[in-house]
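Let me begin by presenting the structure, written as structure tokens, before commenting on it.
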Amino acid sequence: MLDSGRQLDADRESMIAELWATIAVKVLEMSVAARRGRAPDGFRLLGEGDNRIQEAFGALEPRCRASALALQRRPPFDPEDRGGRLDRESMRRGVRIEAIASEHAGLANPFLRATQPHARCGPVMGSALLLDRACAVLPGMPTGAGASTAWIVTRPDLVRMVCQLWDITYAASVPALRSPWPALTSRQLAVAQRAARGWTRAAIARDLGVSVRTVAGELHELKPLLPLL
């Protein structure tokens, strides 16, 4: 039984890798065509550069009606919690929010579990956002200046592949509680977010209603996890 389980996991990871590779090639081909003024139907640029892409996500949020499913290879620690605010807005409207991140992602960003309690840990090899299972946002090649790019896709063939990718990855994932990701407290998260924005220990203490000594203790615990603190 153990060997058959391992074979199933290997087969799933192989299927996931093949899907990622196929999607990446298609996005590359279509983005090159779009740059040459021949954008295929159902494929357009969402934004260039992290800030503009984040703003574009904010504009997309009200259009999402049923579900927002994210595959996250390396979600960074964002002290402004912009993604978290969008998630909360969507959940208030009754949208189902789910995310799957790689095992490495939750170790590189130890606040992933605290900021995304709905996240699962699984074999994620790239990034994608699936909205209402009808539209996908996919990363493309960076610009010549090195800025990141994101493309919005409504082509049925490509959206179907992203849906299949999500379903297979979800089946191979586990809840955050069963992952090796660090389990940090909400206060540690609050301290880290403020420290990363340049707040002094005294300012953090006043804002959170705790002592400076408490803040210093939390920062001491957090420093091995995020050297920027």
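Every residue, every condition in (1) among the hydrophobic types (A, V, I, L, M, F, W, C); (2) in contact (Cβ under 8 Å) with a residue 24 or more places away in the chain, yes or no:
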residue	(1), (2)
S186	no, yes
A196	yes, yes
W199	yes, no
A203	yes, no
L208	yes, no
S211	no, no
T214	no, no
E221	no, yes
P224	no, no
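Report yes if some residue within the stretch 92-99 is without any contact (Cβ under 8 Å) to a residue 40 or more places away in the chain, in contact with a Leu (Cβ under 8 Å, 6 or more places away or on another chain), among the small types (G, A, S) and outside any loop (DSSP other than H, G, I, E, B); otherwise report no.
Checked against the condition, which is being without any contact (Cβ under 8 Å) to a residue 40 or more places away in the chain, in contact with a Leu (Cβ under 8 Å, 6 or more places away or on another chain), among the small types (G, A, S) and outside any loop (DSSP other than H, G, I, E, B), the stretch 92-99 yields at least one hit.
Taking the conditions exactly as written (of a type outside the set (S, T, Y) and under 30 Å from L225 (Cβ atoms)), does F43 satisfy them or not? Write out each step before concluding.
Values: of a type outside the set (S, T, Y): yes; under 30 Å from L225 (Cβ atoms): no.
Considered against the rule, which asks whether it is of a type outside the set (S, T, Y) and under 30 Å from L225 (Cβ atoms), F43 comes out as no.
Suppose we filter R113, R194 for residues that are at pLDDT below 95, assigned to a helix (DSSP H, G or I) and in the same structural domain as D50 (by TED's automatic domain parsing); which single one remains? Give the derivation first.
On the way: R194 fails: in the same structural domain as D50 (by TED's automatic domain parsing).
Step by step, each of R113, R194 is checked, and only R113 is at pLDDT below 95, assigned to a helix (DSSP H, G or I) and in the same structural domain as D50 (by TED's automatic domain parsing).
Residues to consider are A128, A136; find the one that is small (G, A, S), in contact with a Cys (Cβ under 9 Å, 6 or more places away or on another chain), under 18 Å from L86 (Cα atoms) and surrounded by 21 or more Cβ atoms within 10 Å (Cβ to Cβ). If you could, list the steps in order and put the result at the bottom.
Working: A128 fails: in contact with a Cys (Cβ under 9 Å, 6 or more places away or on another chain).
Unique residue meeting the criteria: A136.
Restricting attention to the stretch 12-39, and to residues there that are small (G, A, S) and outside any helix (DSSP H, G or I), which single residue is nearest to Y170 (Cα to Cα)? Let's see the steps before the verdict.
Filtering the stretch 12-39 down to residues small (G, A, S) leaves 14, 17, 21, 24, 31, 33-34, 37, 39.
In the following step, the residues that additionally are outside any helix (DSSP H, G or I) were identified as 37, 39.
Working: G37: 36, A39: 31 Å.
Result: A39.
I need the full set of residues from the stretch 171-218 which are of a type in the set (A, V, I, L, M) and touching a strand residue (DSSP E or B) at 6+ places or on another chain (Cβ under 8 Å), in order please. Explain how you work it out, then say what you get.
Taking the stretch 171-218 first, the residues of a type in the set (A, V, I, L, M) are 171-172, 174, 176-177, 183-184, 189-192, 195-196, 202-205, 208, 210, 212, 215-216.
Hits for the stretch 171-218 are V174, A176.
Among the residues of the stretch 61-99 satisfying the criterion of being surrounded by fewer than 17 Cβ atoms within 10 Å (Cβ to Cβ) and hydrophobic (A, V, I, L, M, F, W, C), which is nearest to A17 (Cα to Cα)?
Across the stretch 61-99, the extreme among qualifying residues is A66.
Conditions: (1) within 26 Å of E55 (Cβ to Cβ); (2) under 23 Å from the mean Cα position of the chain (by Cα); (3) outside any helix (DSSP H, G or I). W166 meets all but one. Number of the miss?
Result: W166 fails condition (3) only.
Rundown of residues vs (1) out of contact with any helix residue (DSSP H, G or I) (no Cβ under 7 Å at 6 or more places or on another chain); (2) surrounded by 12 or more Cβ atoms within 10 Å (Cβ to Cβ); (3) closer than 30 Å to A34 by Cβ, yes/no style:
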site	(1), (2), (3)
A145	yes, no, yes
S148	no, yes, yes
V159	yes, yes, yes
Q164	no, yes, yes
R178	yes, no, no
S186	no, no, no
R197	yes, no, no
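Which members of the stretch 87-112 meet the condition of being more than 12 Å from the chain's Cα centre (by Cα) and either of a type in the set (A, V, I, L, M) or under 17 Å from Q193 (Cα atoms) (or both)? It would help to see each step written out before you state the result.
Kept after step one, since they are more than 12 Å from the chain's Cα centre (by Cα), are these residues of the stretch 87-112: 88-96, 103-104, 107-108, 110-111.
Correct list: M91, V95, L107, A108, P110, F111.
The values are calculated or read from the model by the stated rules, or taken from the named source; none is laboratory data. Note that the coordinates shown come from a computational prediction; the quantities given were computed from them, not determined experimentally. Cβ coordinates were reconstructed from backbone atoms using ideal geometry, including for glycine residues, and neighbour counts include every protein chain displayed.
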